[in-house]
Every structure is written in structure tokens, then in C-alpha cells.
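*Asks:* Before anything else, here's the structure in question.
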Amino acid sequence: MRSAPRPPTPTKGARGKLARFLNVRGDELVLCSGTTFAINLVAYSWALPRLKAGDTILVSRMEHHANIVPWQLVAERTGATIKVAGIREDGTLDLDALHAAMTGDVKLLALTHTSNVLGTVNPAREICREARKRGIVTVIDGSQAVPHRKVDIAAIGCDFYALTGHKMCGPTGTGALWARREHLQAMPPFIGGGEMIKEVSFDGTVFNDPPHKFEAGTPNIAGFVGLGAAVDYLDALGMANVEAREAELLAHATEELDKVEGLRIFGRAPEKAAVVSFLVEGAHAHDLATLLDLEGVAVRSGQHCAHPLLQWYGVAATLRASFAFYNTHDEVDRFVAALQKVRKLLG
Ligand SMILES: *Cc1c(COP(=O)(O)O)cnc(C)c1O
């Protein structure tokens with residue numbers, strides 16, 4: 001049966017807002033549940049039908065599990081191999097090594113724009129230009145970039161860009177995948193069902209145009225209305241203001257934390273988002289986090305969904321203090337004072 005002409009989808013507003021915010025076309029933006037889904041969509045619809053034994057997927061040492069495990073699943077099923085680009089002690093990518101690793105067998109590069117552990121902001125534009133010269137398709141994980149600075153996806157020149165709504169003041173269960181039009185047209189759908197079709201019969205199905213082809217089922221309408229509101233909010237603040245404010249908080253926090261005896265910071269990239277991963281000599285990360293919590297300070301302790309990165313640094317866990325535009329200088333000071341207090345209890 002041919003489906004009746006539909007009124008504009010309820011997610012149209014959010015799609016348009018997000019597209020303007022990221023400087024891309026709305027019809028190249030697939031709305032989905034977040035970065036994990038977005039990257040899996042690339043893995044199952046783009047990579048799985050194309051890659052074969054002898055091909056290589058290049059990732060970096062600082063990836064979130066969401067940008068590692070889907071590629072391992074693809075590698076297992078296609079016979080492709082995963083190659084890991086190294087980082088330096090300060091948490092920056094070794095760009096010469098990365099470019100040298102872009103050999104003829106590499107078909108795909110999956111790289112985070114900003115590390116959720118180290119804060120490192122990778123020069124995505126330069127890296128994508130090098131990859132493109134060599135015919136390597138690029139997937140950028142923008143989960144931690146979009147909330148903290150102005151991201152112009154068109155200027156980056158990648159093939160795919162993934163983001164997640166709940167990291168950018170939006171509701172959980174929202175996010176998007178931006179993809180070049182030619183990829184969206186060539187890719188088979190990943191999930192089948194309603195909304196993603198034009199016509200269905202038992203002789204066959206005509207799929208809807210992208211991006212709808214990849215948005216089967218009733219959309220998360222409430223969630224995307226919320227994401228649209230989040231984009232309006234960030235837009236009104238101005239991402240340049242968000243970035244400047246967070247840079248100032250990071251500089252202050254780093255200066256103060258460097259005064260704490262025995263404290264080691266993981267990640268000192270010159271281009272860095274406002275997260276500080278650290279350990280204090282002689283104190284377990286989880287113990288410190290628990291004591292800080294009792295002082296009213298919320299930090300995260302653990303592996304931050306980045307086991308391979310922590311393995312490389314040779315530590316079981318770190319603490320991570322994350323700052324955003326709504327934090328204050330005074331909160332940084334109270335955090336450091338609380339840390340000085342509780343480390344004495346453990347030391
Ligand atoms: C949070 C995060 C993800 C995963 O996002 P989900 O919303 O859980 O899909 C991936 N990469 C980075 C860098 C993240 O910070």
C-alpha cells in the first residue's frame with residue numbers, strides 16, 4: 001500500500017536547527033539515539049558491505065569504546081584489521097605517525113574530535129584532508145566537541161560526523177549522524193520498519209529518501225523537541241562565549257591542581273577541552289571520588305569508557321573533573337580545597 005502524503009515530520013524543527021548549528025544540510029543529518037547508534041550505523045551500513053580481508057580500519061589510542069567496539073565487530077565479520085595510531089605522553093596525537101599510518105590498505109579512519117578523558121582537541125580538519133588525499137573515509141566522533149566549541153562540519157571535510165544530544169544540554173536518547181549525501185544514497189538501510197519506506201508490498205519495498213531511510217520506527221519526538229531547545233539555548237549563549245568561559249575555567253583549575261602535592265594530570269594538549277583527568281599519589285581514585293562526593297564535589301572516577309587509553313598510561317582508573325560554561329571560579333576553588341582536605345585523610 002502506498003502511504004498517504006504526510007505532514008512535515010515532528011522532528012523537522014530539530015533537524016533544521018541542528019543542521020544550521022553544525023553548518024550542514026538537514027537532509028544529510030540522520031537523527032538517532034546518540035553517538036553509539038550513529039557509529040554503529042556507519043559500521044553496519046557503510047563498512048560491513050565494503051570491507052574485506054586485507055583492509056585496515058585506523059583508530060587512535062584515545063577513542064571511546066563507542067568508536068572501537070563497532071569496528072572490532074566489523075573486523076571480525078569482514079576479516080579487516082584494526083590499526084591503532086599512537087599518542088604522546090601529553091595526550092596529543094602523533095600526527096606524523098598518524099599520517100604515516102595512512103597506508104594503502106587503510107579504508108577507514110575513525111577518530112575522536114575531542115577526547116572525553118584527556119580533553120585533547122584533535123586537528124580534525126588537517127587529518128581529514130590527509131585522509132581524503134589517500135581515499136580514506138573518515139568518521140569523526142564529535143560527542144565532546146559539539147558541546148564545547150563551534151563545530152563547522154562542512155569545514156572539517158570528514159565523511160561522517162557523530163554526536164550525542166545529552167552531552168550538549170539535550171535529553172538522553174537523542175543524537176545524530178551527519179554523512180555526505182553520496183554515502184547516504186549508496187548505503188543500505190540498517191534497521192527496517194515504518195517511516196523509512198515509500199512503498200511496501202510483498203514483492204519488495206521502496207525505501208524513503210535519506211535521511212529518512214535510516215530512521216525506521218516512530219521517532220523520539222519528545223527527545224528531539226528537547227534537542228531543538230538545547231540547540232536554541234547554546235546558540236543564544238554563543239559557542240564562542242562557551243569556549244572562552246570554559247578555557248578560562250580550565251586554565252584556573254590546571255593552575256590550582258598543579259599546586260596539589262603528588263597530583264598527576266593526564267592530558268596536557270595545548271588545544272584542550274575543559275576536563276581534567278588526574279590521580280593523587282597514594283590515594284585510590286574511587287576513594288578520593290567518594291570523599292569528594294561527601295564534600296559536595298562530583299567528579300567521575302573509573303576508566304571513562306576508554307580502557308585501551310588507561311592501559312597505555314598504565315593506570316587502572318583516573319578521576320575526572322569536567323567543567324562547563326555554567327561552572328564558576330569559586331566552584332573550582334572549592335573543588336581544589338576539598339581535594340586538599342580529603343587527600344590528607346588518605347595520605
Ligand atoms: C559519551 C561519548 C560517546 C558515546 O555517546 P553515547 O551517547 O553513549 O552514545 C562516544 N564518544 C565520546 C568521546 C563520548 O564522550
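The values are calculated or read from the model by the stated rules, or taken from the named source; none is laboratory data. Keep in mind that what you see is a predicted model, and the values were worked out from it rather than measured. Positions of Cβ are backbone-derived with ideal geometry, glycine not excepted, and every protein chain shown enters the neighbour counts. Side chains are part of the model used for accessible areas, which takes the heavy atoms of the whole protein and leaves out ligands, DNA and RNA. Shrake-Rupley method; radii C 1.70, N 1.55, O 1.52, S 1.80 Å.
*Asks:* Of the residues that sit in the range 114-146 and are in contact with a helix residue (DSSP H, G or I) (Cβ under 6 Å, 6 or more places away or on another chain) and either modelled with pLDDT under 95 or small (Gly, Ala, Ser) (or both), which one is nearest to Val42 (Cα to Cα)?
*Replies:* Ser143
*Asks:* What are the residues in the range 261-276 that are out of contact with any helix residue (DSSP H, G or I) (no Cβ under 9 Å at 6 or more places or on another chain) and of a type in the set (Gly, Ala, Ser), if any? Talk me through it step by step, then tell me what you get.
*Replies:* The initial filter retains those residues of the range 261-276 that are out of contact with any helix residue (DSSP H, G or I) (no Cβ under 9 Å at 6 or more places or on another chain), namely 264, 267, 269-271.
Of everything in the range 261-276, those that are out of contact with any helix residue (DSSP H, G or I) (no Cβ under 9 Å at 6 or more places or on another chain) and of a type in the set (Gly, Ala, Ser) turn out to be Gly267, Ala269.
*Asks:* Give just the number: which of (1) open to solvent by less than 10 Å² (accessible area, probe 1.4 Å); (2) within 25 Å of Val275 (Cα to Cα); (3) in contact (Cβ under 8 Å) with a residue 60 or more places away in the chain; (4) among the hydrophobic types (A, V, I, L, M, F, W, C) does Cys169 not satisfy?
*Replies:* That leaves (1) as the condition not met.
*Asks:* Shifting gears a bit: For residues in the range 43-67 being under 14 Å from the mean Cα position of the chain (by Cα) and more than 10 Å from the ligand (Cβ to nearest atom), which is farthest from Ala179 (Cα to Cα)? Break it down into steps so the answer makes sense when it comes.
*Replies:* So the first thing to find is which residues in the range 43-67 are under 14 Å from the mean Cα position of the chain (by Cα), and the list is 59-60, 62-67.
Subset that is more than 10 Å from the ligand (Cβ to nearest atom): 59-60.
Working: Val59: 19, Ser60: 21 Å.
Among them, the one singled out is Ser60.
Yes or no, residue by residue, for (1) of a type in the set (Lys, Arg); (2) surrounded by fewer than 16 Cβ atoms within 10 Å (Cβ to Cβ):
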{"site": "Arg15", "(1), (2)": "yes, no"}
{"site": "Ala19", "(1), (2)": "no, no"}
{"site": "Trp46", "(1), (2)": "no, no"}
{"site": "Trp71", "(1), (2)": "no, no"}
{"site": "Ala75", "(1), (2)": "no, no"}
{"site": "Thr81", "(1), (2)": "no, yes"}
{"site": "Gly86", "(1), (2)": "no, yes"}
{"site": "Gly91", "(1), (2)": "no, no"}
{"site": "Val106", "(1), (2)": "no, no"}
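*Asks:* Being within 16 Å of the ligand (Cβ to nearest atom) and either open to solvent by less than 10 Å² (accessible area, probe 1.4 Å) or touching a strand residue (DSSP E or B) at 6+ places or on another chain (Cβ under 8 Å) (or both): is that true of Asp141 here?
*Replies:* yes
*Asks:* Taking the range 321-347 as the region of interest, how many residues are open to solvent by less than 30 Å² (accessible area, probe 1.4 Å) and either assigned to a strand (DSSP E or B) or among the basic types (Lys, Arg) (or both)?
*Replies:* Selection size over the range 321-347: 1.
*Asks:* For the range 68-86, what are the residues that are within 16 Å of the ligand (Cβ to nearest atom) and among the charged types (D, E, K, R)?
*Replies:* Answer for the range 68-86, where residues must be within 16 Å of the ligand (Cβ to nearest atom) and among the charged types (D, E, K, R): there is none.
*Asks:* Which members of the range 175-210 meet the condition of being part of a helix (DSSP H, G or I) and within 20 Å of Asp152 (Cα to Cα)?
*Replies:* Taking the range 175-210 first, the residues part of a helix (DSSP H, G or I) are 181-186.
Of everything in the range 175-210, those that are part of a helix (DSSP H, G or I) and within 20 Å of Asp152 (Cα to Cα) turn out to be Arg181, Glu182, His183, Leu184.
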